[in-house]
Amino acid sequence: MAEIQSDNLNKTALFDLHVELGAKMVPFAGYEMPVQYPLGVKKEHLHTRHQAGLFDVSHMGQVKLTGANAAAALETLVPVDIIDLPIGKQRYALFTNTDGGIMDDLMVANYGDWIYVVVNAACKEQDIAHMRANLGDGIELEVLDDRELIAIQGPKAAEALARIQPEVASMVFMDSREMSIDGVDCIISRSGYTGEDGYEISIPSADTERLVRLFLDQPEIEAIGLGARDSLRLESGLCLYGHDLDNTTTPLEASLIWAISPCRRATGERAGGFPGADKILDQISNKNWTRKRVGLLGAGRAPIREDAELFDAEDNKIGIVTSGTYGPTIEAPVAMGYVDTAFSALDTSVFAEVRGKKLPMTVSRMPFIEQRYYRG
Amino acid sequence: MSDIRNELKYVASHEWIRDEGDGTVTIGITDHAQDLLGDVVFVELPDVGTDVAAGDDAGVVESVKAASDVYVPLSGEVVEVNEQLEESPELVNSDPYGDGWFFRIKLSDVAELDDLLDADAYGELCEGES
């Protein structure tokens, strides 16, 4: 086992609690994070699908933007409609670069007189610098580093949390509100990254451990580590930045055309006006990308992992796996990766090379499981 | 604390060895190893009839988290593999010293048995790792 280098690693406000709960701590994106608890990755995964799991995602970056034109300013960095995002709603977005590549994926919520942004841990310094440099005068950026972020995910999440704060039951998928939970001022959204119903809750650091203990006292809720978070998001077809998305990959190649708002496309009322718009809008019009992100299911039992090369029946290399594991819910090897567009149609047979053997896989619809977001 | 059986021998790469007394040994991975790996989802074993040398990798055990090689601690010929693991790899977690065994080898050099660790020595090694 790799030895943990605790020097230079950050800790979240829940570090002591993770250790107390018996978590195995590993370095992740500059933080010491729980990869699993004594329950183990597979049972943690299944518990989240059947009951509810609590995840510490405090390593992610939380940012508050204020200023009269904050929405319009943020729109200049993403191919997404931020100006018309209703108050109390959250939306998925992408920072693009001038080549049309994806710098990061993020969540944006409109709080009326301010905008709440959540970015990936590994990208947060870059993203904050990018916003500071490009949002323009009159926009104030505050890093909310005095807050932690936790997620409660699973079919019993709403029931368990409503016992503590009944108001959460009235929210639907992608609602985002300020709310007091047991006397603590929280920012809560009905969303997450497991494919399940659930919530993400931003809590002042000083109150986080107390609230998390209260959440874990609910019989449905178990603490869940990053290991299960990865298999849960992968079964749900959700991308992990740095693996399934990167600076050299456009939203079209990444099969994220749904994330590009109609009003920002070529015929929209605010067409273009974001970094890389020429390339991205050209790709939408001409469908001239050469590789595409697809879901892949293995025919056998062997997990097919990141960096496995993909081949056609004639042994020509046609792609690469970017995320892969054994899916505890679907009970099959589940992966996503990039293939030449000629091989991106559903049900196409491909082969993954694992330890010198070519294992058959099928290009499959994502999500691999039914997403169970609560839409009211 | 992980379960270490006095009647078995061990190697530092966390395989256990049971001397069957007929020139063959049965091999699996230890309780400590299965605990480190987590939930096993796939085991790849050598073919029966394969000649192996001590220190060769002869299989792979995969958990949800990662893949790990299985080493052959002794030289000989693979005479039997646990085919149950193909359908039920979780036996490696639930019964590592019983139904979760990996394969059996007919030894080519019985003297190699003297190089193995006993339960105390293996226990100390695990202590040192954790």
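The values are calculated or read from the model by the stated rules, or taken from the named source; none is laboratory data. Keep in mind it's a predicted model, so treat the numbers as computed, not measured. Counting neighbours? That spans all protein chains shown, and the Cβs are built from the backbone with ideal geometry, glycine included. All accessible areas refer to the heavy atoms of the entire protein, side chains included, with ligands and DNA or RNA removed. Shrake-Rupley method; radii C 1.70, N 1.55, O 1.52, S 1.80 Å.
Of note:
- Accessible surface, 1.4 Å probe, highest first, among residues A:T248, A:T329, A:T348: A:T248, A:T329, A:T348
- Of the residues in the range A:345-376, those shielded by at least 30 Å² of accessible area once partner protein chains are present, compared with the chain alone at a 1.4 Å probe, are A:R355, A:K357.
- Per residue accessible area in Å² of chain A, where ligands, DNA and RNA are left out and the probe is 1.4 Å: 41 Å²
- Straight-line cross-link reach from A:K156 at under 18 Å between alpha-carbon atoms covers these lysines, not counting any fewer than eight positions away in the same chain: A:K43.
- Rounded to whole numbers, the Karplus 3J(HN,Hα) couplings from phi for the range A:82-91 are 9, 4, 9, 5, x, 4, x, 10, 10, 9 Hz, using 6.51 cos²θ - 1.76 cosθ + 1.60 with θ = phi - 60°, and x at Gly and Pro.
- Amide H contacts of B:F42 (H built 1.01 Å from N, under 5 Å, at least 5 apart or other chain): B:E62
- Gyration tensor (alpha-carbon) shape descriptor, the range A:140-227, a/c threshold 1.5: rounded
- The contact residues of the range A:291-338, meaning those that lose at least 50 Å² of 1.4 Å-probe accessible area when all protein chains sit together rather than their chain alone, are A:R301, A:R305.
- Calculated on the alpha-carbon coordinates, the convex hull of the range A:184-265 measures out at 153 cubic angstrom per residue.
- With only the Cα atoms considered, the range A:290-376 has a convex hull volume of 97 Å³ per residue.
- Between A and B, buried accessible area from a 1.4 angstrom probe totals roughly 1500 Å², ignoring ligands, DNA and RNA.
- Accessible-area composition of the protein assembly as shown, carbon plus sulfur, in percent [1.4 Å probe]: 47 percent
- For the range A:260-307 and the range B:53-123, distance of Cα centres in Å: 46 Å
- ³J(HN,Hα) computed for each position of the range B:71-82 - Karplus, 6.51 cos²θ - 1.76 cosθ + 1.60, integer Hz, glycine/proline x: 9, 8, x, 9, 8, x, 10, 5, 10, 7, 10, 7
- Within the same chain, lysines fewer than 8 places from A:K64 are excluded, and of the rest, those with a Cα less than 24 Å from its Cα are A:K11, A:K89, A:K124.
- Positions from the range B:61-80 whose accessible area shrinks by 30 Å² or more when the full protein complex is built, not the chain alone, probe 1.4 Å: B:E62, B:V64, B:K65
- Longest site-free stretch - chain A; sites: GluC sites (Glu not before Pro), DSSP loop, at most 14 other Cβ within 10 Å: A:4-268
- ³J(HN,Hα) computed for each position of the range B:27-37 - Karplus, 6.51 cos²θ - 1.76 cosθ + 1.60, integer Hz, glycine/proline x: 10, x, 10, 6, 4, 4, 5, 5, 5, 5, 5
- Close amide H pairs (under 5 Å, H built 1.01 Å from N) link B:D95 with B:G100, residues at least 5 positions away or on another chain.
- For chain A, fraction of C-alpha pairs farther apart than 25 Å, in %: 57 percent
- Base-10 log of normalised Debye intensity for chain B (one unit scatterer per alpha-carbon) at q = 0.09, 0.14, 0.21 Å⁻¹: -0.22, -0.55, -1.29
- Estimated 222 nm signal from helices in chain A, with DSSP H stretches of n ≥ 4 weighted -39500 (n - 2.57), rounded to 500: -5500 deg cm²/dmol
- Counts of other chain beta carbons within 10 angstrom of each beta carbon in peptide B:37-46 average 5.
- In a reduced charge model with +1 at each Lys and Arg Cβ and -1 at each Asp and Glu Cβ, the protein assembly as shown shows a dipole moment near 2700 debye about its Cα centre.
- Cα-based shape type of the range B:1-67, given that a ≥ b ≥ c are square roots of the gyration tensor eigenvalues and the cut on a/c is 1.5: oblate
- Residues in the range B:9-123 average 41 Å² of solvent-accessible surface per residue, probe 1.4 Å, ligands and nucleic acids excluded.
- 5 angstrom amide H check on A:F28, placed H, neighbours 5+ away: A:M33
- Cα gyration tensor, the range A:223-376 - rounded (a/c under 1.5), prolate or oblate: oblate
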